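Below you'll find the structure, written out as structure tokens, and then a few comments.
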């Protein structure tokens with residue numbers, strides 16, 4: 001591309017459109033975080049469900065895995081931000097949404113355990129839908145928009161279902177909201193990576 | 001009546017740089033180089049012209065012991081770009 005090449009008005013408009021689209025196309029999530037959280041929440045839910053029937057005492061502590069998983073999440077976030085050569089307009093908003101979600105869910109867990117809130121499973125599923133839907137809308141990523149809406153639909157069903165069956169709904173919510181969108185993002189990312197090799 | 005197109009923006013590489021920067025919050029020099037397929041020297045010269053016009057901010061820093069240049073469009077740059085696109089559209093509609 002030369003700097004002083006005379007441009008016609010049509011060429012200028014075509015150049016602007018092409019550059020804006022190049023910048024947009026370059027934005028690709030690796031999908032690792034979504035896959036990781038989808039898998040972890042699904043695993044913990046199924047262990048809680050199975051633990052109830054199998055009388056596994058340790059199954060009560062399986063949710064501590066979600067606290068441990070914060071460490072690889074921080075490492076992933078740092079690596080991804082180092083790899084990225086640009087910052088999009090809504091990157092800060094996205095970080096804000098997911099950090100708020102992390103803090104909110106931690107405080108809610110503390111609250112429901114402290115006051116022995118019943119039917120807390122539904123609250124978690126409602127909560128899962130919030131950042132998922134917001135991310136989907138901000139990034140114009142339909143699988144997450146649908147994932148968020150399905151989370152809320154699952155939450156309504158969960159109002160009428162009690163523990164341990166509600167754990168199966170939690171696993172389903174995690175798969176639909178995070179695991180499946182994560183897989184889609186991962187495939188897109190791998191495809192883009194292969195194209196650029 | 002229509003205004004003349006901004007000469008700072010009406011150049012292939014500078015317009016490409018501005019179009020990239022309007023799409024993102026900030027971008028590294030290497031990103032601009034990759035997307036425009038221009039030489040580093042050429043981009044540097046154009047970035048300096050945009051910077052002198054007050055259309056972009058350039059931040060030079062070190063990342064993992066390597067120099068890193070980050071470019072960000074300024075409010076004046078956004079205004080100039082919007083005005084340029086508006087004038088361009090006026091030209092094109094008159095032509096039709």
ask   = So for A:180, A:67, fewest C-beta neighbours within 10 Å to most, what's the order?
value = A:67, A:180
inquiry  = Taking R0 as 25 Å, what FRET efficiency do you get between residue A:21 and residue A:139 from their Cβ-Cβ distance, rounded to the nearest 0.05?
reply    = 0.95
message = How shielded is B:28-35 by partner chains, expressed as the average number of their Cβ atoms within 10 Å of its Cβ atoms?
response = 4
ask   = Rg(Cα) of segment A:62-119 divided by 2.2 N^0.38 Å?
value = 1.45
message = Between residue A:76 and residue A:63, what is the label-point separation in nm under the 7 Å Cα-to-beta-carbon projection?
response = 2.1 nm
query = Tell me, B:85, B:17 in order of fewest to most beta-carbon neighbours within 10 Å?
reply = B:85, B:17
Taking A:58, A:178 and counting other C-beta atoms within 10 Å, the order from fewest to most = A:58, A:178
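Based on the alpha carbons, how large is the Rg to Rh ratio for segment A:31-196 when Rh follows Kirkwood? Could the numbers behind the result be given before it?
On the way: Rg = 16.4 Å, Rh = 16.7 Å.
That ratio equals 0.98.
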Inverse mean reciprocal Cα-Cα distance (Kirkwood Rh) of chain B, Å = 14.1 Å
Alpha-carbon Rg/Rh ratio, for the protein assembly as shown, with Rh computed the Kirkwood way = 1.11
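Computed from the coordinates by the stated procedures, all read-outs in this text should not be read as laboratory data. Given the structure is predicted, the values throughout are model-derived calculations rather than measurements. Note: ideal-geometry Cβ built from the backbone for every residue, glycine included; neighbour counts use all protein chains shown.
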